Amino acid sequence: MSDTADTREKLVEAKGLYKHYALKSDKLFAKKRYLKAVDGVSFDIYKGEFFGVVGESGCGKSTTAKLVLDMEHPTKGSVLFKGKEVGKLKPKEWRAIRLDMQMIFQDTLGALDPYMCVGKQIQEPLEIHNIGDPKKRKQMVLDILDAVSLKPIFYDRYPHELSGGQRQRIVLARALIVKPQLLVCDEPISALDVSIQAQVVNLFKRIHKELNLTFMFISHDLRIVKHVCNRIIVMYLGRVVEEAESDELFANTLHPYSQALISAVPSLTPDSQAKRIMLHGDPPNPIDLPKGCRFASRCPKCTPRCLEAEPELVDMGNNHKVACFLVTDK
Amino acid sequence: MHLKYFLMKTLRALLTSLLLVVFVFFVLGITWDPAQSMLPDDATEEDMVEFRAMWGLDKPLIEQFWVYCKNFVHGDFGQSYKDGRDVFEIISQRLPKTVWLMGMSIIFSIIFGLPLGIYAALHRNSFGDRFVMGAAVFGFSMPNFFLGIMFILLFSMKLHWLPSAGSDTWLHLLMPMITIGLSRMGSYARYTRSAMLNVLSKQYCITAKAKGASRKRMVYLHALPNAAIPIVTVIGTSIGHMVGGGVVIENVFAWPGIGRLLVTSVAVRDLPVVQAIVIILGLSMVLANLLVDFTYGLLDPRIRVTAGDK
């Protein structure tokens with residue numbers, strides 16, 4: 001590991017996170033079964049970083065985000081925010097760090113209260129935390145609307161009167177108004193049209209630069225992740241399978257799953273399109289996981305050993321970690 | 001924008017009221033011959049003709065209707081066949097009693113039903129939730145005349161705490177109010193719970209919580225206004241049933257309201273009184289629906305706008 005990584009300040013440290021949901025059983029005395037949404041995930045997010053989380057649906061990306069935000073409590077493990085464990089904060093401290101971590105979601109219509117004009121909703125965090133007086137608050141809202149390129153007339157609009165891109169900017173404004181340090185974005189642009197996606201992504205990039213914000217950016221869209229993120233983790237069925245700097249990951253992909261994901265990204269220049277790796281079948285059920293590597297059932301390079309034991313995340317140098325026997329045992 | 005919505009709704013309500021009056025008048029007029037039911041069995045044909053001429057029943061139905069409408073607009077509902085008293089006067093004595101009983105029981109069920117529903121939603125699947133919902137099902141499944149009789153047995157006959165009949169004091173109000181209120185309370189609590197649960201799972205409520213908003217703020221500012229539409233609908237419907245819903249209970253507790261008047265008037269075939277009561281019952285339903293529509297318009301910004309677009 002290089003020295004620069006250690007000197008950077010860690011904003012978030014996720015340590016061995018597990019989140020298991022107990023399932024309702026139809027039999028009275030049956031053994032309790034669990035859905036393992038997140039099953040041993042560790043990572044650090046450094047200050048000022050654009051940190052990406054990728055993986056297919058159901059791999060535990062959103063649950064991981066909720067755990068970081070302390071909207072769900074981990075079954076095991078802990079999340080440290082600025083060195084303090086968020087799950088163990090006193091109510092007053094907990095309320096205080098709400099200002100430092102903000103979130104935006106995919107479904108912008110669901111994220112906004114349909115009965116409240118958007119200006120009031122942007123203003124709400126200020127009211128909750130008693131920042132400024134009414135007059136100053138309104139001015140702050142108008143300033144932040146300007147920052148996300150919306151005109152002041154939007155203050156009195158209701159969510160249903162706005163387009164998806166405008167709503168996403170409103171949600172972003174609501175998150176930014178308290179000047180957070182960490183912004184967690186859960187699939188923030190998947191629901192938008194491609195033309196709008198570009199606008200919003202560039203808005204994210206601009207804000208990242210101007211406000212020196214730390215992003216945790218969750219997406220299944222590798223093109224966008226490649227475009228914006230510094231460092232990426234790839235998740236599969238509740239575990240991290242690969243972690244690397246963005247350029248390194250795309251140039252030197254180690255895990256077979258990441259290789260398959262990246263090969264699926266359509267290229268704009270037809271000649272450069274590498275051979276696409278097709279994955280067959282569905283991921284195993286996260287309730288009854290098979291023994292061994294969770295990816296083994298779909299892995300094109302599966303060996304007998306992969307069916308026996310589960311690989312751990314191993315540092316291969318250059319801040320590149322991977323969980324695959326084929327790579328780590330060489 | 002708003003004005004058009006309210007105007008449309010009012011016009012529609014007026015039209016419904018007109019249809020109601022027409023329907024009630026003709027159905028009762030065709031199916032019911034007052035001369036036969038009011039006069040004794042041994043009345044002669046001449047007596048009948050005389051009776052019909054006296055009340056204007058010998059004229060064609062259309063003409064009778066015209067006269068009825070003219071009088072109706074002037075607040076004249078005709079005279080009771082039984083004792084010749086003015087129907088308007090009879091009803092205006094009884095109506096306030098019913099409105100009083102029903103109004104109080106609705107207020108009673110709102111005061112208890114809504115908070116219980118909110119509590120159950122916030123503590124979903126807890127023991128408290130299960131208990132409240134169990135009690136709610138019990139409340140609205142129990143036939144209220146049976147509950148009323150049980151109350152009379154216990155509090156009047158056995159314990160002698162409360163009077164079993166009449167409407168003179170607050171103590172008289174208590175038992176009928178609670179009997180009607182319990183079943184309403186149960187349905188309010190259930191509707192409130194499901195409406196709240198629906199809203200609480202929305203992302204804007206989760207976001208509010210994640211932003212550090214207190215539970216009180218989240219419930220009052222975001223959840224309740226958004227959950228209000230189904231709750232307003234249920235309460236509105238029970239206001240509509242206010243006048244008619246007490247027929248059984250008013251008889252159980254000998255409460256001198258409209259419901260009791262309806263039963264006695266039907267028993268003696270007093271057409272003008274029955275006609276007026278049925279129309280009033282219908283009008284109260286129409287009015288309640290109009291109020292519900294107005295409340296929707298005030299509550300929901302989406303309705304305000306679509307009304308303007310149309």
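Quick note: the coordinates plus some simple rules give every number you see, no bench work behind them. All of these numbers come straight from a predicted model, not from anything done at the bench. Neighbour counts are summed over all protein chains in view; Cβ atoms, including those assigned to glycine, are modelled from backbone coordinates with ideal geometry.
A few notes on this one:
- D (Stokes-Einstein, µm²/s), Kirkwood Cα radius, the stretch B:135-275, 1.567 mPa s at 4 °C: 73
- Placing unit charges on the Cβ atoms only, positive for Lys and Arg and negative for Asp and Glu, gives chain B a dipole magnitude near 2760 debye about its Cα centre.
- Cα centre as origin, Lys/Arg/Asp/Glu Cβ charges: the stretch A:108-179 dipole, Debye: 140
- Residues B:Ser37 and B:Leu15, FRET efficiency given R0 of 45 Å [Cβ-Cβ distance, rounded to 0.05]: 0.90
- Value of relative contact order over chain B, rounded to a whole percent, pairs C-alpha under 8 Å and six or more apart: 28
- Against the empirical curve 2.2 N^0.38 Å, the C-alpha radius of gyration of chain B lands at a ratio of 1.24.
- When each of A:Lys138/A:Lys205; A:Lys15/A:Lys90; A:Lys10/A:Lys138 is checked by Cα-Cα distance, pairs over 29 Å: A:Lys10/A:Lys138
- Folded to 0 to 90 degrees: helix B:61-73 orientation relative to chain B principal axis, Cα: 60
- Label point of A:Asn285 set 7 angstrom out along Cα-Cβ; within the stretch A:14-56, amide nitrogens under 18 Å from it belong to A:20-38.
- Cut-off 15 Å (backbone N to label point 7 Å along Cα→Cβ of B:Val137), residues of the stretch B:195-229: none
- Extension gain, B:Val266 back to B:Val22 (0.36 nm per residue minus Cα-Cα distance, nm): 85.9 nm
- Label-to-label distance for B:Thr295 and A:Leu89 is 3.9 nm, based on points extended 7 Å past Cα in the beta-carbon direction.
- Order of B:Val248, A:Val148, A:Val171, A:Val68 - criterion: other Cβ atoms within 10 Å of each residue's Cβ, fewest first: B:Val248, A:Val148, A:Val68, A:Val171
- Spin-label model, A:Asn319 to B:Lys59: label points 7 Å out along the Cα-to-beta-carbon direction sit 9.7 nm apart.
- The convex hull around the C-alpha trace of the stretch B:243-287, projected and averaged over every direction, spans 2.9 square nanometres.
- On the beta carbon distance between A:Asp100 and B:Ala254, with R0 = 51 Å, the FRET formula returns roughly 0.15.
- Start at zero, step by 5 Å, and the Cα-Cα distances of the stretch A:108-179 spread as 3, 19, 34, 26, 14, 4, 0 percent across the bins.
- P(r) weight above 48 Å for the protein assembly as shown, C-alpha pairs, percent: 39
- As a proxy for reagent exposure, A:Phe81, B:Phe25, B:Phe138, A:Phe217 were ordered by neighbouring Cβ count within 10 angstrom, fewest first; the result is B:Phe138, B:Phe25, A:Phe81, A:Phe217.
- A:Val194 paired with B:Val73, simple spin-label distance in nm, labels 7 Å along Cα-to-beta-carbon: 6.7
- Gyration tensor analysis over the Cα atoms of the stretch B:1-108 returns equivalent ellipsoid semi-axes of 34, 21, 12 Å (largest first, whole Å).
- Cα principal axis extents for chain A, largest first, Å: 68, 59, 45
- Each other residue within a Cβ distance under 13 Å of A:Leu99 adds +1 if Lys or Arg and -1 if Asp or Glu, for a net charge of +3.
- Compared with the direct C-alpha span, the chain from B:Phe145 to B:Leu159 gains 3.1 nm at full extension, assuming 0.36 nm per residue.
- 3J(HN,Hα) along the stretch A:197-214, derived from phi through the Karplus expression 6.51 cos²θ - 1.76 cosθ + 1.60 where θ = phi - 60°, amounts to 3, 4, 4, 5, 4, 5, 4, 4, 4, 4, 5, 4, 6, 5, 9, 6, 8, 9 Hz, with x in place of Gly and Pro.
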